[in-house]
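Asks: Before we start, here is the structure in question, set down as structure tokens.
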Amino acid sequence: MGARIQGLILSAMRDIGEKRSFDIHAVMSRIREAVRPFPKAALSQLADEGYTSAFEQLVACIISVRTFDEVSAVCARNLFRLGRTPEELAALDPGRIDAAISAATYHEVKAQRIHAAARRITDEYHGSLPCDRDILTSFPGVGPKCANLVLATACGQNRISVDTHVHRIANRWGYVDTRRPEQTLYALEGKLPQRYWAQINLLLVPFGKNICTPRLPQCSDCPVLDMCRQVNVTAHR
Ligand code: SF4
């Protein structure tokens, strides 16, 4: 029997008689309250500071891949001091972009990608990045997570951005049963009420960093313990 199936069965056995039915509205409401004291995700922080254009959010998301939020936000601010539009960044030497984001993981590759994206947006789209998922994902380094974050944050579209936190937590709740983030996106699109589509990432990033952490989640203090099935949670605080 696979470890995942075993974990599911153990979780189900443990939860019989102890859990109330899962109410996504109550869950989102409680998590919204629980994360108030914690820092927001990097792109959300940057949007609050006025970096709200689709291009700025795209650049910030490219920087943020496999990089801590705190580092991503600093790098993005460094870069935006040099330029905030595709034309301004296209005019820079890629080495200056690299120096500005040097604290980010894979900064050399990201600098090349940001410079190439700035040039392409300048040449093909007259300096205005379209709010179009297919166009966004056509840029190297931009996957569905970044594209949907940009579309939700900068373009006002109702999109679900599934990162590692959303994927892990939705599975622990027992709300979805998926192996990869792309499957989680599909599953959430089929059952998550639309009013939460743009919010779920903003809420679950700080929740996943501070409470439902990858290792040893803080279940004893969790505001949704009574509804969460704790799927595959074998140890917790
Ligand atoms: S911290 Fe524990 S109880 Fe809370 S959502 Fe995560 S796994 Fe569920």
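Asks: Is it the case, given these coordinates, that residue 176 is free of Cβ contacts under 8 Å to residues at least 40 places away in the same chain and closer than 21 Å to residue 64 by Cα?
Replies: no
Asks: Also, I was wondering about something else. With respect to the numbered conditions (1) over 16 Å from the mean Cα position of the chain (by Cα); (2) in contact (Cβ under 8 Å) with a residue 40 or more places away in the chain, which one is the sole condition not fulfilled by residue 80?
Replies: (2)
Asks: Since residue 193 meets every condition but one in (1) more than 16 Å from the ligand (Cβ to nearest atom); (2) in contact (Cβ under 8 Å) with a residue 60 or more places away in the chain; (3) closer than 24 Å to residue 69 by Cβ; (4) out of contact with any Ser or Thr (no Cβ under 8 Å at 6 or more places or on another chain), which condition does it not meet?
Replies: Single failed check for residue 193: (3).
Residue-wise test of (1) of a type in the set (A, V, I, L, M, F, W, C); (2) crowded, with 22+ Cβ neighbours inside 10 Å.
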{"site": "162", "(1), (2)": "yes, yes"}
{"site": "190", "(1), (2)": "no, no"}
{"site": "197", "(1), (2)": "yes, no"}
{"site": "204", "(1), (2)": "yes, yes"}
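Asks: Which residues, counting only those in the range 223-237, are touching a residue at least 60 places away in the same chain (Cβ under 8 Å) and either near the ligand (Cβ under 8 Å from one of its atoms) or more than 17 Å from residue 26 (Cα to Cα) (or both)?
Replies: 223, 224, 228, 229, 230, 231, 232, 233, 234 - these are the residues of the range 223-237 that are touching a residue at least 60 places away in the same chain (Cβ under 8 Å) and either near the ligand (Cβ under 8 Å from one of its atoms) or more than 17 Å from residue 26 (Cα to Cα) (or both).
Asks: Shifting gears a bit: Show me the helices (runs of 4 or more DSSP H) entirely contained within the range 145-228 in which 2 or more residues are over 22 Å from residue 33 (Cα atoms) and not assigned by TED's automatic domain parsing to the domain that holds residue 61. Walk me through it before giving the result.
Replies: Numbers: elements: 164-173, 181-191, 199-210.
Qualifying helices (runs of 4 or more DSSP H): 181-191.
Asks: Answer with yes or no whether residue 208 is on the phi > 0 side of the Ramachandran plot and within 15 Å of the ligand (Cβ to nearest atom).
Replies: When the stated conditions are applied, residue 208 does not pass them.
Asks: Could you tell me how many of the residues in the range 57-68 are farther than 11 Å from residue 118 by Cβ and either of a type in the set (Lys, Arg) or touching a Leu at 6+ places or on another chain (Cβ under 9 Å) (or both)?
Replies: Total meeting the criteria: 6.
Asks: So, one more: I'd like to check something: does the range 163-180 contain any residue that is modelled with pLDDT under 95, within 16 Å of the ligand (Cβ to nearest atom) and among the β-branched types (Val, Ile, Thr)?
Replies: Yes, that holds for at least one residue.
Asks: Here's a follow-up. Tally time: how many residues in the range 12-37 are in a helix (DSSP H, G or I) and either modelled with pLDDT of 90 or more or surrounded by 14 or more Cβ atoms within 10 Å (Cβ to Cβ) (or both)?
Replies: So the count comes out to 12.
The values are calculated or read from the model by the stated rules, or taken from the named source; none is laboratory data. It should be emphasised that the depicted structure is a prediction, and the values quoted were computed from it without experimental measurement. Using ideal geometry, Cβ is built from the backbone for each residue, glycine included, and neighbour counts are taken over all protein chains shown.
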